[in-house]
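The values are calculated or read from the model by the stated rules, or taken from the named source; none is laboratory data. Only a predicted model underlies this, so the values are computations on that prediction, with no experimental measurement involved. Here the Cβ positions follow ideal geometry from the backbone for every residue, glycine too, while neighbour counts run over all protein chains shown.
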Amino acid sequence: MNIYADNAATTVICQAAADAMLDTMKNYPGNPSSLYILGQRAKEKLEDSRAQIAAMINAEPREIIFTSGGSESDNQALLSAAMIGKRKGKTHIISSAFEHHAILHTLKKLEKNGFEVTLLPVHENGIVRVSELENALRDDTCLVTIMTANNEIGTIQPIKEIGELCRSRGVLFHTDAVQAVGHIPIDVKEQSIDMLSASAHKFHGPRGTGFLYFRKGIVLSNLIEGGAQERGKRAGTENLPAIAGMTAALRESIDGMEKHNAHKTVIRDHLIEGLSRIPHSALNGDAESRLSGNVNFSFEGIEGESLLILLDKKGISASSGSACTSGALDPSHVLLSIGRIHDVAHGSLRLSIGEDITMEEADYIIGSVKEVVEYLRSFSPVWRDLMTGKREFIL
Ligand SMILES: *Cc1c(COP(=O)(O)O)cnc(C)c1O
């Protein structure tokens, strides 16, 4: 059996997106900045994509710029808000402890440049508390950036409440919605979102393309200087085939969202039920306020890396921690942020399932994980210490 269960790392491109890309490559060869008809046809295609994407999150076309993906959108959103704040003498930023590195590393850079950053705790359930955000807000806070859904443990944050609070205090609110767009409903007006990052390859679109929503009135700062593309806010000839592919993928994801979420929720809960029968294991993050595709477990007495390699041999592609940090042996900052100690965080598994998964495949995953965990424990010195009482069980 071959099961791809790493959709939070990237998704397989859908047929509609691949078709749209090929069609655009063949039939829209011009540069959107050129004045002749071929160029203008490409420009029309670009603006049609922008209008469609804007409508799908209840924004206006001029509130969208196309970028190379989630990381770039996050960087540009934070830099822009910081520059706006600085002009008003406001240099305090609030975020959370378990953001993606595209956010955390950008915040580190801003700290080196005179900004002060408060990282809110996310507690055992992996959810930010709005009351704690309220307490952390200051007169000099220029930006709040909290992700819509976490990429490792899938927990969904109270975005609307956070947005309304920030709006009432006149503080800009950005959300990294890379795991959410195309997966759960997003309405930037209803949720009072000022800026939002999205990436096509997390919803069956192509890699290397994404967008940044910024509410009208917000003046963006450039990361890339050059030509006047994207109204001067993001230089470089537009990747029109990828943008058209992203548009088609988002359309299809949103059209199928309800059906896919209903199916994935049933499979997710079946996986959670099956895996929690493995002794000394625990689900990471809230079971309810959670993406339908995310299952994240810790198993005591094993190493996540060995678990992944043995699951790969059984045809299961999964992840432990995020793809960006795997390879490094540091335990995931996300699992540490919800209070898992190093040893336990190391023995973790993230399954991010797609809409095509079947119940039979879910049962195969449960059986395989059970078998591999037992096997790894059979020669694990940590497990022996736990069994002989030299160490105490945590889970
Ligand atoms: C994948 C991801 C990113 C980075 O997106 P890229 O398009 O790969 O740069 C940022 N934030 C979150 C939450 C992600 O899951």
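Among residues of segment 370-395 that are in contact (Cβ under 8 Å) with a residue 60 or more places away in the chain, those with a beta-carbon under 8 Å from a residue that is β-branched (Val, Ile, Thr) and surrounded by fewer than 16 Cβ atoms within 10 Å (Cβ to Cβ) at least six positions away or on a different chain give the pairs ILE394/ILE341. ASP194 meets each of the listed conditions (1) within 18 Å of LEU78 (Cβ to Cβ); (2) within 12 Å of the ligand (Cβ to nearest atom); (3) acidic (Asp, Glu) apart from (2). Screening ALA54 with (1) under 26 Å from the mean Cα position of the chain (by Cα); (2) closer than 30 Å to LEU351 by Cα gives one miss only, at (2).
No other residue among SER73, SER80, SER68 is within 16 Å of the ligand (Cβ to nearest atom) and touching a Leu at 6+ places or on another chain (Cβ under 6 Å) apart from SER73. Tell me the residue from GLU190, GLU258, GLU273 that is in a loop (DSSP other than H, G, I, E, B), farther than 24 Å from HIS333 by Cβ and of a type in the set (Asp, Glu), please. Selected residue: GLU190, the only one of GLU190, GLU258, GLU273 that is in a loop (DSSP other than H, G, I, E, B), farther than 24 Å from HIS333 by Cβ and of a type in the set (Asp, Glu). When you look at ALA262, is it under 22 Å from ARG62 (Cβ atoms), at pLDDT 95 or above and surrounded by fewer than 22 Cβ atoms within 10 Å (Cβ to Cβ), yes or no? No. Which members of segment 145-166 meet the condition of being polar (S, T, N, Q) and within 11 Å of the chain's Cα centre (by Cα)? The answer is THR148, ASN150, ASN151, THR155.
Taking segment 197-210 only, how many residues are under 18 Å from SER352 (Cβ atoms) and either away from the ligand (no atom under 13 Å from the Cβ) or in a loop (DSSP other than H, G, I, E, B) (or both)? The total comes to 4.
Yes/no per residue for (1) without any contact (Cβ under 8 Å) to a residue 60 or more places away in the chain; (2) buried (at least 19 other Cβ atoms within 10 Å of the Cβ); (3) within 12 Å of the ligand (Cβ to nearest atom):
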position: ILE57; (1), (2), (3): no, yes, no
position: GLU60; (1), (2), (3): no, no, no
position: LYS88; (1), (2), (3): yes, no, no
position: LYS109; (1), (2), (3): yes, no, no
position: PHE115; (1), (2), (3): yes, yes, no
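Quick one: in segment 139-170, which of the residues that are surrounded by fewer than 22 Cβ atoms within 10 Å (Cβ to Cβ), over 16 Å from TYR213 (Cβ atoms) and not polar (S, T, N, Q) is nearest to the ligand (Cβ to nearest atom)? Filtering segment 139-170 for residues that are surrounded by fewer than 22 Cβ atoms within 10 Å (Cβ to Cβ), over 16 Å from TYR213 (Cβ atoms) and not polar (S, T, N, Q), the one nearest to the ligand (Cβ to nearest atom) comes out as PRO158.
Among the residues making up segment 70-86, those that are crowded, with 24+ Cβ neighbours inside 10 Å and either of a type outside the set (A, V, I, L, M, F, W, C) or not assigned by TED's automatic domain parsing to the domain that holds ILE162 (or both) are GLY70, SER73, ASP74, GLN76.
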